[in-house]
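A quick write-up on the structure given underneath.
The values are calculated or read from the model by the stated rules, or taken from the named source; none is laboratory data. Note that this is a predicted model, so its numbers are computed, not measured. Cβ: placed from backbone, ideal geometry, glycine included. Neighbour counts: every protein chain shown. Ligands, DNA and RNA are excluded from the accessible area calculation, which covers all protein heavy atoms including side chains. Shrake-Rupley method; radii C 1.70, N 1.55, O 1.52, S 1.80 Å.
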Amino acid sequence: MTRPGEPKIVLALGAGGVRGLAHIGVLQVFREEGIPIHAIAGTSMGAMVGVAFGAGSDLYYLEKLVEFLPWQDFIDIGIHRMGLVEGDRVLELIRILTKEKRLEELTPPVWVVATNLQTGQEVVFTEGRIDLAVRASISIPGFFAPVIYENRILVDGGVVAGVPVTVARRMGPDFVIAVHVAHDFKRAQPKNMVDVLLQTVDIMGNRLDTDQIMQADLVITPDVGNVGTLELNRSKECIQKGRDAARKVLPAIHRLLNSWEQTGTE
């Protein structure tokens, strides 16, 4: 909830697989510095971190959890005609991280972005089951099997909004701060079929990301471009990069806040 005398800040947390764990570091710094967060729009890993935060997860416990979590236990490789990973075990992980809450119970509010594969349009979850919404949002095409929901085939929100700034704008902010964790595919050398698939998705999303972040009031860009989407062993590094990037832009954030105060905005 926005307190009297402060601007409404909405974060747009972007997609990026393991790189998206940098969002944890960003959120830690915001909390430490007393920077208010009134709402979050999240895509893919940005959605995962956002709902965990909104459900009240301790950010430092979450940091340790993702570092030591046996991720392989939640990846159910199977023969599915629309993806390499079934994704049922991920639902269980999401429920654990969010204490089985529903989207409308989160504080701050979190909107989760997915893509309707049949229409090419974004789908924004604002209420209902968190596990289903996030499972849809992280469904990298070809890797995770899509989510079938209300006769729609849903895949990764990064297909249409890797950094969901336009969705964040709909949440009525005074300022949108975007966190961009894109892969620098020019520094990557694909080693197998999965790398080729993931890098192809990254390339296609780059132009869309550029269009989105131009609409943000401030962009935080953690230096995680050299981290592969599934390099789970680099989670601690990504979180620290998120902290570093957030601290680097603190002066710019305070300038935004000061400019709002000086305008006498209601």
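Residue pairs, Cβ under 6 Å, 6 or more apart or interchain, first in segment 132-154 and modelled with pLDDT of 90 or more, second among the aromatic types (Phe, Trp, Tyr). List them.
Close Cβ pairs satisfying both conditions: ALA133/PHE125.
Residues in segment 51-66 that are part of a helix (DSSP H, G or I) and either β-branched (Val, Ile, Thr) or closer than 16 Å to ARG243 by Cα (or both): how many?
9
If I go through segment 212-240 residue by residue, how many of them are of a type in the set (Lys, Arg) and open to solvent by 60 Å² or more (accessible area, probe 1.4 Å)?
Residues flagged as of a type in the set (Lys, Arg) and open to solvent by 60 Å² or more (accessible area, probe 1.4 Å) within segment 212-240 amount to 1.
Can you report the number of residues in segment 228-266 which are modelled with pLDDT under 95 and either closer than 23 Å to ILE9 by Cβ or polar (S, T, N, Q) (or both)?
Counting residues in segment 228-266 that are modelled with pLDDT under 95 and either closer than 23 Å to ILE9 by Cβ or polar (S, T, N, Q) (or both) gives 16.
How many residues does segment 7-35 contain that are in contact with a helix residue (DSSP H, G or I) (Cβ under 8 Å, 6 or more places away or on another chain), assigned to a loop (DSSP other than H, G, I, E, B) and closer than 26 Å to THR263 by Cα?
2
Given the criteria at pLDDT below 95 and within 20 Å of ARG19 (Cα to Cα), does LEU218 qualify?
In short, no.
Give the residues of segment 241-255 that are hydrophobic (A, V, I, L, M, F, W, C) and surrounded by fewer than 18 Cβ atoms within 10 Å (Cβ to Cβ), sorted by residue number.
Result: LEU250, ALA252.
Going through segment 137-178 one residue at a time, which ones are more than 30 Å from GLU6 (Cβ to Cβ), among the hydroxyl-bearing types (Ser, Thr, Tyr) and within 13 Å of the chain's Cα centre (by Cα)?
Of everything in segment 137-178, just one residue is more than 30 Å from GLU6 (Cβ to Cβ), among the hydroxyl-bearing types (Ser, Thr, Tyr) and within 13 Å of the chain's Cα centre (by Cα), namely SER139.
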